[in-house]
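Novice: Before anything else, here's the structure in question.
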Amino acid sequence: MEKLNRKYGLEHGSIPDRVFDYPVRVAQFGTGVLLRGLVDLIFQQAVDHGLYQGRIAMIKSTSPDTGPFREQDNIYTVVVAGLDAQQNPLVSSHLITCIDRVISATEEESELKTLFTNTDLEIVVSNVTEIGLDYREEAFSVPLPASYPGKLTALLYHRFKTFKGDPSKGLSIIPTELLSDNGKILKERVFRHAGFNHLETEFLQWLEEACDFCDSLVDRIVPGKLKPGNGFITLPYEDALAVQTEPYCLWAIQGNASTIKRLPFAGKIEGLVVSHSIQSFREQKLRLLNGGHTALSPIAFQAGCQTVGQMMDHPLIAASLEVLGEKEILPTLTGLAPDAREFFLQMKTRWRNPYIVHELKTILAQSTTKMQARNGDTFIRYFQTRGALPEMLCFGLAAFLYLFRPHRMEEGLYFAPGSHGEDFEVRDQKAALLFEHWQPYYRNQEKMEDTVPLLLSDPHLFEHPFARLPGLADKITALMLAFRKTSVPDQLSQLLNSVPQHA
């Protein structure tokens, strides 16, 4: 089988030769599957539809090895696989030809500096993980700073000096890391680096006036590289870089007139939105999709499910999702996310995608933080409007605390009693604190009625004020005592039988 590359594409008529002559307009920090399966595909679709004449230079920072990209002339395939609105299979493949080159951030710094003095450059995109946006003091010298915010500051300063502060040479800087206000966070880091290195006031003014740091939100499940033999598609060539993704796609960017000018295809390519506010998109994703995952995954896991697909096939969990979404989350999004109901319907189809294996253990990791960030505001909004606690969210919180009750520690890892005979590894940055809280219970020095209120009132565990809502500690304690007496699935069945299915 032939290997996918430029020669293959030209010979088989799948790639028009002109696309290789477009100028580089985008610098992309990151070569991971999320960028390749979402951001790069959006740019590619704009090129394919004649809406954009630009190419992307990728910057690889995790290792200097750019060989796999070079061997394929930076061309790869995105396979989109999922279900349509009628639950029918929806599968397609797309060639990504808009990647001009891949630059090693550690081995090719001179090329990186040259990229930032390119007059055609307009946009900087990144996905360097949330930790990658952390600040650390770094003096500007040779080589470039190691951190992404430090490196970006140095490169922007190099551009500023090269073009003598020309305001027309500003850039739109769009981070896609999974942090709220990621554009604001990155901007603060850049200004902080500039201050630490005593860069001139004119540079700070240029950053403020000529560059726009845009908050952005990405929403697409990209499981990773396409695995040969998946059964739903066979590529007619060898592609070591092929990635698989779902049909749903959203890249929402909070931008201004400059951002729109640099993304002329905004609003013309499905999934790309540029708006003065992306708060509604953030709310519906955080509360429904992320919050739903976090509330239901500990319930489903203790009901014997291992994946989101299995969770959706479980009648009790599927019914729980309806109660959670329709009765508890959607009512709290009124006025905040006008398209939330449509998003919820799409979300249920996405969760049933048979081509994606999304493990519950992955979702369960860091649940202490996730429960607060994703569901804390929903708890409070519901309580403020209804004067009561949300039943299903309380059940999910109790199921999480019941699962995350470590009783032993070995080699720095914490384990809790599992529901099916095997211990459950508590993968959480606050596992040690949870372990400390549960020790008196396991030593018969405390009852569960003592332990649970102490958990919820500990500000080192639960910073969000929802944990102190009136009646919450008593509610969660009662549920956990019931779990111990029977089981999580048994108590869920009883709850569903007592809750009307429609608000």
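Novice: With viscosity set to 1.306 mPa s at 10 °C, what whole-number translational diffusion coefficient in µm²/s follows for segment 216-318 from Stokes-Einstein and a Kirkwood radius over Cα pairs?
Specialist: Translational diffusion coefficient: 95 µm²/s.
Novice: So which of Lys447/Lys475; Lys169/Lys261; Lys184/Lys285 end up more than 18 Å apart by C-alpha?
Specialist: Lys184/Lys285
Novice: Using only Cα atoms and rounding to the nearest 10 degrees, what angle (0 to 90) does helix 201-210 make with the longest principal axis of the chain?
Specialist: On a 0 to 90 degree scale, this one is about 80.
Novice: Report, to the nearest 10°, how far helix 448-457 tilts away from the longest principal axis of the Cα atoms in the chain, using its own Cα long axis and a range of 0 to 90°.
Specialist: In the chain, helix 448-457 runs at an angle near 30 degrees to the longest axis.
Novice: Starting from the Cα of Lys7, draw a straight line to each of the aspartates and glutamates and keep only those under 14 Å, dropping any in the same chain fewer than 8 residues away.
Specialist: Leaving aside aspartates and glutamates fewer than 8 places away in the same chain, those within reach of Lys7 are Asp17, Glu71, Asp73, Glu238, Asp239.
Novice: In segment 97-135, whose amide N lies under 14 Å from the spot 7 Å out along Cα-to-Cβ of His12? List them in ranges.
Specialist: Within reach of a label on His12: 97.
Novice: Also, I was wondering about something else. Taking the beta-carbon count within 10 Å as an exposure proxy, list Thr385, Thr307, Thr31, Thr62 from fewest neighbours to most.
Specialist: Starting with the residue having the fewest Cβ neighbours, the order is Thr385, Thr62, Thr307, Thr31.
Novice: About the Cα centre of segment 6-276, what is the dipole size in debye to 20, counting +1 per Lys and Arg Cβ and -1 per Asp and Glu Cβ, all else neutral?
Specialist: 200
Novice: Here's a follow-up. What does a probe at Leu433 reach in segment 374-396, counting residues whose amide N is under 19 Å from the point 7 Å along Cα→Cβ?
Specialist: 374-377
Novice: Something else now. Kirkwood hydrodynamic radius for segment 394-473: how many Å is it when counted over pairs of different Cα atoms?
Specialist: For segment 394-473, inverting the mean 1/r across all distinct Cα pairs yields 13.1 Å.
Novice: Looking at the square roots a ≥ b ≥ c of the eigenvalues of the Cα gyration tensor of segment 72-140, which shape do they give, rounded for a/c under 1.5, prolate if a/b is larger than b/c, or oblate?
Specialist: Prolate is the answer for segment 72-140, as a/c is 1.5 or above and a/b outweighs b/c.
Novice: Using 0.36 nm per residue of separation minus the Cα-Cα distance, give me the extension gain between Glu449 and Ser277 in nm, one decimal.
Specialist: Gain on stretching Glu449 to Ser277: 57.5 nm.
Novice: Any idea what angle helix 291-302 forms with the longest principal axis of the chain, computed on alpha-carbon atoms, 0 to 90 degrees, nearest 10?
Specialist: 50
Novice: Another one. Could you list Glu463, Glu446 so that the one with the fewest beta carbons within 10 Å of its beta carbon is first and the one with the most is last?
Specialist: In increasing order of surrounding Cβ atoms, one gets Glu463, Glu446.
Novice: Could you list which residues have their amide H under 5 Å from that of Ser126, counting only those 5 or more apart in sequence or on another chain, with H placed in the peptide plane?
Specialist: Phe29, Ile174, Thr176
Novice: Volume per residue, Å³, of the convex hull around the alpha-carbon atoms of segment 6-276?
Specialist: Cα-based convex hull of segment 6-276, divided per residue, equals 130 Å³.
Novice: Let me ask something additional. Quickly estimate the mean residue ellipticity at 222 nm for the chain, helices only: each DSSP H run with n ≥ 4 gives -39500 (n - 2.57), and the total goes over all residues, rounded to 500.
Specialist: Estimated from H runs of four or more residues: -12000 deg cm²/dmol.
Novice: Could I ask something else about it? Taking the Cα-to-Cβ direction at Ala139 and at Asp166 and moving 7 Å from each Cα, how far apart do the two end points lie in nm?
Specialist: Calculated label separation equals 3.3 nm.
Novice: For segment 435-503, what class follows from the C-alpha gyration tensor (a ≥ b ≥ c being the square roots of its eigenvalues): rounded when a/c is under 1.5, otherwise prolate if a/b is larger than b/c, else oblate?
Specialist: Cα axes put segment 435-503 in the oblate bin.
Novice: Here's a follow-up. From Cα coordinates alone, what are the radius of gyration and Dmax values for segment 280-498 in angstrom?
Specialist: When restricted to Cα atoms, segment 280-498 yields Rg and Dmax of 16.6, 51 Å.
Novice: Could you list Asp215, Asp450 so that the one with the fewest beta carbons within 10 Å of its beta carbon is first and the one with the most is last?
Specialist: Ranking Asp215, Asp450 by Cβ neighbours within 10 Å, fewest first, gives Asp450, Asp215.
No value in this document is a laboratory result; all are computed from the given coordinates. Remember, it's a predicted structure, so these values are computed and weren't measured experimentally. Positions of Cβ are generated from backbone atoms using ideal geometry, with glycine treated the same way; all protein chains shown enter the neighbour counts.
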